[in-house]
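Inspection log for the structure reproduced underneath, given as structure tokens.
The values are calculated or read from the model by the stated rules, or taken from the named source; none is laboratory data. Please read all numbers here as calculations on a predicted model, not as lab measurements. Every residue, glycine among them, receives a Cβ derived from its backbone with ideal geometry; neighbour counts consider all protein chains shown. For accessibility, only protein heavy atoms count, side chains too; no ligands or nucleic acids. Shrake-Rupley method; radii C 1.70, N 1.55, O 1.52, S 1.80 Å.
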Amino acid sequence: MNRTTLDLWVGIFVAAGFGALLFLALKVGNLAAFSTAQTYKVDAKFANIGGLKVRAPIKSAGVVVGRVTEIRFDNETFEAVVTMNLDADYKFPRDTSAKILTSGLLGEQYIGLEAGGDRKTLNDGDTMRLTQSAVVLEDLISQFLYSKAAEGGSEAKAPSRERKP
């Protein structure tokens, strides 16, 4: 094998390595899921979206049925408006509820859809009315601490009447 052939194979191997690293970076960054399927847009308003991000998955029964495409703030209702692209293959009733959930204890946040019983389905441009905001861990901890502090402050501490021998 002469020097130029060896250099060519090394170059091909290095290029393949860079391609693999790029693919892994896109997969980890949740950017590798390119889809050309037909979609329809649905909005949902949440009081608190926590750490939800654009491109977060939308799941129903554990199956990814769409992606978050936009997050904006509504100046009139002071709520976050989340725009979702749902796959056209999946039709959900109009009374479907949307919750912001977390995969794992400290994992990524996603939107979970729970189908209702209405016969009419969501169409392009509709707004989901039944939503549940993200559970923020700091809020849960502060509620727990405040309730424990209130329990401790409300109990009247009577002086102890222990006898000393």
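Using per-residue counts of other Cβ atoms within 10 Å, averaged over each peptide, order 45-55, 68-78 from highest down.
Numbers: 45-55: 15.8, 68-78: 11.2.
Descending packing order for the listed peptides: 45-55, 68-78.
Note down the accessible area of residue 41, probe 1.4 Å, to the nearest 10 Å².
Accessible area, nearest 10 Å²: 100 Å².
In the P(r) worked out for the stretch 1-90, what percent of Cα pairs fall beyond 19 Å?
Summing the P(r) of the stretch 1-90 above 19 Å gives 58 percent of all pairs.
Find the relative contact order for the chain and round it to a whole percent, using C-alpha pairs within less than 8 Å whose residues are 6+ positions apart.
After rounding, I find 22 percent.
Estimate the FRET efficiency between residue 138 and residue 21 by the formula 1/(1 + (r/R0)^6), using the beta-carbon distance for r and 30 Å for R0, to the nearest 0.05.
0.25
Could you work out the equivalent-ellipsoid semi-axes for the stretch 67-141, taking the square root of 5 times each eigenvalue of the Cα gyration tensor, largest first, in whole Å?
Output for the stretch 67-141: semi-axes of 23, 16, 12 Å.
Starting from the Cα-Cα distance between residue 91 and residue 71, subtract it from 0.36 nm times their residue separation and give me the gain in nm to one decimal. The partial results should precede the final answer.
Working: separation 20, 0.36 × 20 = 7.20 nm, distance 2.23 nm.
Roughly 5.0 nm would be gained on extension.
Would you kindly give the portion of the calculated P(r) for the chain that falls above 23 Å, as a percent of all Cα pairs?
More than 23 Å apart: 58 percent of the Cα pairs in the chain.
Distance cut-off 30 Å, Cα to Cα: go down the list 53/91; 53/148; 99/148 and report the pairs above it. The partial results should precede the final answer.
Values: 53/91 24 Å; 53/148 34 Å; 99/148 28 Å.
Pairs exceeding 30 Å: 53/148.
Step through the residues of the stretch 76-86 one at a time and calculate ³J(HN,Hα) from phi using the Karplus curve (6.51 cos²θ - 1.76 cosθ + 1.60, θ = phi - 60°), rounding each to whole Hz and writing x for Gly and Pro.
8, 9, 6, 10, 8, 9, 10, 9, 10, 9, 9
With a 1.4 Å probe and all protein chains left in place, how much of the accessible area of the chain comes from carbon and sulfur atoms, in whole percent? Don't skip to the answer; put the middle values down first.
On the way: 7030 of 12160 Å².
That fraction is 58 percent.
For 21, 6, 86, 26, give me the order by solvent-accessible area with a 1.4 Å probe, most accessible first, ignoring ligands, DNA and RNA. Intermediate values should be presented prior to the final figure.
Values: 21 110, 6 75, 86 0, 26 55 Å².
Listed by decreasing accessible area, they come as 21, 6, 26, 86.
Spin-label point model (7 Å from Cα, Cβ direction): what's the residue 55 to residue 124 distance in nm?
2.5 nm
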